[in-house]
């Protein structure tokens with residue numbers, strides 16, 4: 001049960017900056033402005049305290065798929081990511097038949113209503129066969145607004161995001177439909193031109209699904225979607241910072257042009273995250289995971305990742321040399337804002353959920369708290 005406690009002595013990352021020797025006061029499930037006199041103190045000198053991580057694009061973990069797993073398996077996958085610092089998670093599906101996706105939306109919406117996940121992200125089937133990645137081409141379809149609406153309705157108000165190839169027939173109308181219903185329209189798995197991407201943004205799209213991946217490359221005569229997505233201040237760009245999906249220079253380019261307040265680190269994780277190498281199924285497609293890299297058995301395309309957000313955080317600071325404040329924004333505050341959850345999560349402020357991560361001096365994970373309870377207790381490590 002959550003109780004009052006004071007986390008003392010750490011370097012605390014707040015919206016206003018880094019506080020050395022700071023204190024975070026937890027009262028029950030919330031962050032508080034003051035503590036009872038008898039509240040126990042946790043000594044976190046030589047550590048960092050940062051907000052809990054928010055993953056807005058995640059297909060599974062711990063051997064479990066959010067697209068096909070049972071409730072028990074999905075909960076195992078959620079817990080696997082919590083052990084790595086993700087205290088807020090949106091469950092992503094992959095391309096399937098419409099009836100199956102609608103049924104899955106019903107199951108996931110129940111978990112959202114219980115507070116286990118923050119909502120549902122539909123990645124496919126409304127994507128381009130030219131940029132399908134690890135999605136079954138036979139099940140792809142144009143984004144007919146009526147079919148998009150079917151998935152929204154099946155999610156019972158818990159749909160957070162739909163990834164679309166907005167250049168396909170019905171794409172722009174579907175973007176408008178999503179915007180009208182308060183669901184994020186994300187541009188991804190797309191073969192759109194620069195001009196088509198601008199049109200989709202004007203229609204209401206606000207997110208770039210894993211920028212650079214599954215879209216045309218940046219060209220000097222045909223800049224394609226990447227230039228349009230980076231230059232528009234209305235767009236938040238997802239990045240998979242695992243060292244496989246992106247060259248470090250591409251990550252730096254995104255931060256340079258989008259700025260620290262428009263980047264969201266995601267995992268795009270599949271079943272193998274936190275579980276290990278081997279053979280897995282991603283929807284109807286077989287995946288081979290070797291040395292932590294997931295690829296389709298047939299064709300060899302990258303098939304999601306095995307990333308956890310604690311690894312993305314450490315890499316961003318120690319390899320990419322990004323400022324800690326920018327990394328915290330990308331992994332907590334920015335996705336929370338995009339999802340409409342920043343009033344509750346994404347920063348360490350009074351009255352917000354007591355979701356936080358404790359890191360050591362080398363940015364290794366040492367503790368995870370969710371709603372005032374330790375998922376990983378730093379005092380036991």
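Condition test on residue 81, is it under 23 Å from residue 139 (Cα atoms) and in the same structural domain as residue 152 (by TED's automatic domain parsing)? Steps first, please.
Numbers: under 23 Å from residue 139 (Cα atoms): no; in the same structural domain as residue 152 (by TED's automatic domain parsing): yes.
So residue 81 does not fit the description; no.
So residue 209 passes all but one of these: (1) closer than 14 Å to residue 236 by Cβ; (2) more than 22 Å from the chain's Cα centre (by Cα). Which condition number does it fail?
Tallying (1) closer than 14 Å to residue 236 by Cβ; (2) more than 22 Å from the chain's Cα centre (by Cα), residue 209 fails exactly one: (2).
Suppose the filter is within 21 Å of the chain's Cα centre (by Cα) and either modelled with pLDDT of 95 or more or closer than 30 Å to residue 221 by Cβ (or both); does residue 120 pass it?
Judged against the criteria, residue 120 is a match.
With assigned by TED's automatic domain parsing to the domain that holds residue 279 and surrounded by fewer than 21 Cβ atoms within 10 Å (Cβ to Cβ) as the only criterion, which of 38, 99, 43 stands out?
Just one listed residue meets the conditions, 99.
Being under 25 Å from residue 370 (Cβ atoms), touching a residue at least 24 places away in the same chain (Cβ under 8 Å) and either in the same structural domain as residue 26 (by TED's automatic domain parsing) or assigned to a helix (DSSP H, G or I) (or both), is that true of even one residue in segment 240-260?
No, there is no match, as no residue in segment 240-260 is under 25 Å from residue 370 (Cβ atoms), touching a residue at least 24 places away in the same chain (Cβ under 8 Å) and either in the same structural domain as residue 26 (by TED's automatic domain parsing) or assigned to a helix (DSSP H, G or I) (or both).
Taking the condition at pLDDT below 95 and in contact with a helix residue (DSSP H, G or I) (Cβ under 7 Å, 6 or more places away or on another chain), does residue 211 pass?
It is false that residue 211 is at pLDDT below 95 and in contact with a helix residue (DSSP H, G or I) (Cβ under 7 Å, 6 or more places away or on another chain).
Residues are listed down the side, and each one gets a yes or a no for (1) touching a strand residue (DSSP E or B) at 6+ places or on another chain (Cβ under 9 Å); (2) in a strand (DSSP E or B); (3) more than 18 Å from residue 90 (Cβ to Cβ):
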site	(1), (2), (3)
148	yes, no, no
162	yes, yes, no
169	no, no, yes
173	no, no, yes
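Which condition number does residue 227 fail, the rest of (1) surrounded by fewer than 18 Cβ atoms within 10 Å (Cβ to Cβ); (2) farther than 23 Å from residue 334 by Cα being met?
(2)
Could you go through segment 64-72 and let me know if any residue there is in contact with a strand residue (DSSP E or B) (Cβ under 6 Å, 6 or more places away or on another chain), assigned to a helix (DSSP H, G or I), assigned by TED's automatic domain parsing to the domain that holds residue 160 and over 25 Å from residue 330 (Cα atoms).
no
Just one of 132, 76 is within 20 Å of residue 289 (Cα to Cα), free of Cβ contacts under 8 Å to residues at least 40 places away in the same chain and either touching a helix residue (DSSP H, G or I) at 6+ places or on another chain (Cβ under 9 Å) or in the same structural domain as residue 238 (by TED's automatic domain parsing) (or both); which is it?
76
List, please: which pairs have Cβ atoms under 9 Å, are six or more places apart or on different chains, and start with a residue in segment 1-29 that is without any contact (Cβ under 8 Å) to a residue 12 or more places away in the chain and end with one that is assigned to a strand (DSSP E or B)?
Here the result reads 19/10; 19/11; 19/12; 19/13; 20/10; 20/11; 20/12, each pair linking segment 1-29 to a residue that is assigned to a strand (DSSP E or B).
Is there a residue in segment 290-310 that is modelled with pLDDT of 95 or more, surrounded by fewer than 24 Cβ atoms within 10 Å (Cβ to Cβ) and farther than 24 Å from residue 137 by Cα?
Among the residues of segment 290-310, at least one is modelled with pLDDT of 95 or more, surrounded by fewer than 24 Cβ atoms within 10 Å (Cβ to Cβ) and farther than 24 Å from residue 137 by Cα, which makes the answer yes.
Among the residues of segment 188-213, count how many are closer than 15 Å to residue 168 by Cα and outside any helix (DSSP H, G or I).
7
Have a look at 38, 116 and point out the one that is in a loop (DSSP other than H, G, I, E, B) and touching a residue at least 40 places away in the same chain (Cβ under 8 Å).
Values: 38 fails: touching a residue at least 40 places away in the same chain (Cβ under 8 Å).
Testing whether each residue is in a loop (DSSP other than H, G, I, E, B) and touching a residue at least 40 places away in the same chain (Cβ under 8 Å) leaves just 116.
The values are calculated or read from the model by the stated rules, or taken from the named source; none is laboratory data. Keep in mind the model is a prediction, meaning the values are calculated, not measured. Every residue, glycine as well, gets a Cβ built from its backbone with ideal geometry; the counts of neighbours run over all protein chains shown.
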